[in-house]
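Here is the structure we will look at, set down as structure tokens.
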Amino acid sequence: MRHSRLFAGLADAEYRAIIAEIPVETRQLEPGQALIAEGEEVGKIWLITKGRLAAARKYSDGSLDRVLVFSKRDIIGLDLAYTRTRISPLEIYSLTESCVSGIAYNFTDDTAIPFGIREHLLKNIAHILADESIRKQTRLDALYQHSMRARINIFLDYKRRKLGGTVFDLKMDREELARHLGVNRSALSKELSRMQSEGLIRYQKRHFEILDEAALRDRQ
């Protein structure tokens, strides 16, 4: 929990002051085990300390359509905590053996936590939610594009700008990236291979290097 973006910029003493005042629930999850059911009212913010989880739409036949993937240090439920109903539209379940730590969604209201620390936490929350909003807008922009090349370019350009460099590792595997971009996995792999042969990118599994930044602005 200490290394979560939620507590970024806080001194160790300030972090300990928070944890001393709020209850923390720890859960160990097996693959396939649900953390939050679709339609459930969310009462906690969950910080992933181990493993990977996914958010999916659940259909009447029990099948799941995966929408998002979460990894270590990601936060689940923060956006829902600031909605009026706090009702989850998706099922959140574990993809691997995972461990999560939960704190009350309204923990920043606890007056036992010094005001300055609560103010800092609220700024962190605002930054996290803003980043998530930009990520979602970028994905919508990519899905709006007709060509696969344009979708890949938008995604890689976003990663380059977010991570501040042309070399980075993706959290998603190829299947998850294909789902994220709304394309066929095999077709995605072929397009990435073409981009590599054209000298635009270099990649190995989840490791990517952008060789031609200008080409990422191509939406054709």
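Computed from the coordinates by the stated procedures, all read-outs in this text should not be read as laboratory data. Just so you know, these numbers come straight off a predicted model, no measurement behind them. Cβ atoms come from the backbone with ideal geometry, glycine included; neighbour counts cover every protein chain shown.
Placing a label point 7 Å from the Cα of Y144 along the Cα-to-Cβ direction, the residues of region 196-220 whose backbone N falls under 17 Å of that point are 217-220. Farthest toward the dipole's positive end in region 145-217, which of A178, F208, L188, given Cβ charges of +1 (Lys, Arg) and -1 (Asp, Glu) about the Cα centre? Working it through, the farthest residue towards the positive pole turns out to be A178. Couplings for region 172-185, taken from phi via the Karplus curve 6.51 cos²θ - 1.76 cosθ + 1.60 with θ = phi - 60°, read 8, 7, 5, 5, 5, 5, 4, 4, 4, 8, x, 10, 6, 4 Hz in order; Gly and Pro are left as x. Remark: relative contact order (region 145-217) = 38 percent; criterion is Cα-Cα distance under 8 angstrom and separation of 6 or more residues.
The orientation-averaged shadow of the Cα convex hull for the chain, equal to a quarter of the hull surface, comes to 13.5 nm².
The alpha carbons of region 145-217 give a radius of gyration and a Dmax of 11.0, 29 Å, in that order.
Shown in residue order for region 9-17 are the 3J(HN,Hα) couplings computed by the Karplus curve 6.51 cos²θ - 1.76 cosθ + 1.60 at θ = phi - 60°: x, 8, 6, 4, 5, 5, 4, 5, 5 Hz (x for Gly and Pro). For the pair R174 and A130, a Förster radius of 22 Å applied to the C-beta separation gives a FRET efficiency near 0.15, rounded to the nearest 0.05. Rounded to the nearest 20, the size of the Cβ-charge dipole of region 72-148 about its Cα centre is 120 debye, with Lys and Arg at +1 and Asp and Glu at -1. A simple spin-label model places pseudo-atoms 7 Å from Cα toward Cβ; at A37 and D109 they are separated by 2.5 nm.
Value of Rg to Rh for region 45-93, rounded to two decimals, is 1.00; Kirkwood radius and Rg both from alpha-carbon coordinates. Under conditions of 25 °C and 0.890 mPa s, region 5-113 yields 167 µm² s⁻¹ as its translational diffusion coefficient, taking Rh as the Kirkwood radius over Cα pairs in the Stokes-Einstein equation. What the phi angles of region 139-152 give under the Karplus curve with 6.51, -1.76 and 1.60, with θ = phi - 60°, is a coupling list of 5, 4, 4, 5, 5, 6, 6, 7, 8, 5, 4, 5, 5, 5 Hz, glycine and proline written as x. Adding -39500 (n - 2.57) for every DSSP H run of four residues or longer, then dividing by how many residues the chain holds, sets the calculated 222 nm ellipticity at -12000 deg cm²/dmol.
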